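Here is the structure we will look at.
All of the numbers you see were taken from the coordinates with simple rules; none came from a lab. Quick caveat, the model's predicted, so the values are computed rather than measured. Cβ placement follows ideal geometry from the backbone for every residue including glycine, while neighbour counts extend to all protein chains displayed.
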Amino acid sequence: MRHAVVTGGGSGIGAAVARRLLAEGLRVTLMGRHAQRLAAQQAALGGCGIQVCDVADEASVAAAFAAVGDVDVLVNNAGQVETAPLHKTSREVWQRLLDVNLTGTFLCSRAVLPGMLARGQGRIVNVASTAALKGYAYVAAYCAAKHGVLGLTRALALEVAAKGVTVNAVCPGYTDTDIVASAIDTIVAKTGRTAEQARAELARANPQGRLIQPDEVADTVAWLVQAGGVNGQAIAVCGGETM
């Protein structure tokens, strides 16, 4: 049975991906920083393992992956976003978003690659964002990090193309998760709009006029896990926001 690790698996897209991969017959381990959140998701999903891991911390990543054993599928989903104009973005925020979104993807991918290469098979799916494909105002650090994730995806895909491993990115638009809920709260606080108005504003970015659902992202991840001929791609799940 193939073993999949999903980082940021305690909620949102990560939990949806875990649910889908379990349904596909994979053994799944959820990773995240918060043990209580992981345990709650484990109880909700049933049949998955959990492992506390801070993807931005090299020692934590090394210990976590040593504990879970061989990994056939890695879904780098852990992510974080904070909003501010660039001139009000502190070095601390800039570095934190690079550490979680980009360095975390690097560290986790590096941890599983030796085993994948030795076995001659593996799948790495990086959950990036439409922010890897275009710019958004007031999230420069997040956009920079996600653009970096896409560059990492493409470079690594070429390294491993002839070795039975594929590396791809999924790029969701605004998705109905805790991150978007936080963005709505920020819009309400800063503009005085209602939550419904803020939600509608984000939904308008999608030509379908709605937020993407986590299960739709999970469907794309599951497809990439099976699609051996797809490598180095950025699959946008955004209703046509990017073309």
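Here is a check on your reading of the model: is Ala205 part of a loop (DSSP other than H, G, I, E, B), surrounded by 14 or more Cβ atoms within 10 Å (Cβ to Cβ) and not hydroxyl-bearing (Ser, Thr, Tyr)? Against the criterion (part of a loop (DSSP other than H, G, I, E, B), surrounded by 14 or more Cβ atoms within 10 Å (Cβ to Cβ) and not hydroxyl-bearing (Ser, Thr, Tyr)), Ala205 qualifies. If you go through the range 107-116 one residue at a time, do you hit one that is part of a loop (DSSP other than H, G, I, E, B) and either within 23 Å of Ile13 (Cβ to Cβ) or touching a residue at least 24 places away in the same chain (Cβ under 8 Å) (or both)? No, there is no match, as no residue in the range 107-116 is part of a loop (DSSP other than H, G, I, E, B) and either within 23 Å of Ile13 (Cβ to Cβ) or touching a residue at least 24 places away in the same chain (Cβ under 8 Å) (or both).
Which members of the range 193-243 meet the condition of being over 26 Å from Val73 (Cβ atoms) and acidic (Asp, Glu)? Scanning the range 193-243 gives Glu196, Glu201, Glu241. Of the residues making up the range 122-176, those that are of a type outside the set (A, V, I, L, M, F, W, C), crowded, with 21+ Cβ neighbours inside 10 Å and part of a helix (DSSP H, G or I) are Thr130, Tyr142, Lys146, Thr153. The one condition from (1) closer than 28 Å to Ile184 by Cβ; (2) crowded, with 20+ Cβ neighbours inside 10 Å; (3) not acidic (Asp, Glu) that Arg96 does not meet is (2).
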